[in-house]
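Heads up: the structure comes next, in structure tokens.
The values are calculated or read from the model by the stated rules, or taken from the named source; none is laboratory data. All of these numbers come straight from a predicted model, not from anything done at the bench. Quick reminder, even Gly has a Cβ in these numbers, built from the backbone with ideal geometry, and neighbours come from all protein chains shown.
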Amino acid sequence: MSWLSDPRFAEALSHLADYLGSHLRVSIAALALGLAVSFPLALAARNTPSLRNLLLGLASVVQTVPGLALLALFYPLLLALAALSLRWFGLSFSAFGFLPAVLALALYSMLPVLRNTITGLDGVDAGLIEAA
């Protein structure tokens, strides 16, 4: 029997569009959140060496934490926030699934955005900045 004729393969293939859509939704949301946080921080840190070193150091530390460990660290924090949100606002959210994945990926996207934005801005000629 060929693996192409296996009914499990056909079933898995039928779910491919849903899984791909979910993966793209998580990835795009995480990248948008990472850019929304990192880009303004990089602009603010460009002319402040101490802030630049602090931000790049923190982002580098986050980058060294394995993904599964980061998700495990988010779980109790998000459980507490979900309970607090339910008590204060009457709204709850899941501490497992989309939200921790987006937060972990957004944290992982911060170091490249910070480092490359700062490096790119440092590479701009001073004469061009003066002219602008």
TODO: Looking only at the range 94-116, count how many residues are among the polar types (S, T, N, Q) and either exposed (fewer than 12 other Cβ atoms within 10 Å of the Cβ) or touching a Leu at 6+ places or on another chain (Cβ under 7 Å) (or both).
DONE: 2
- [ ] Determine which member of the set 43, 78, 91 is surrounded by 14 or more Cβ atoms within 10 Å (Cβ to Cβ) and among the aliphatic types (A, V, I, L, M).
- [x] 78
Open item on the list: Of the conditions (1) in a helix (DSSP H, G or I); (2) among the aliphatic types (A, V, I, L, M); (3) touching a Phe, Trp or Tyr at 6+ places or on another chain (Cβ under 7 Å), residue 107 satisfies every one except a single condition; which number is it?
Closed with: (3)
- [ ] List the number of the failed condition for residue 18; all other conditions in (1) exposed (fewer than 12 other Cβ atoms within 10 Å of the Cβ); (2) under 16 Å from the mean Cα position of the chain (by Cα); (3) modelled with pLDDT of 90 or more hold.
- [x] (2)
- [ ] Among the residues of the range 74-104, write down those that are assigned to a helix (DSSP H, G or I) and at pLDDT below 85.
- [x] 74
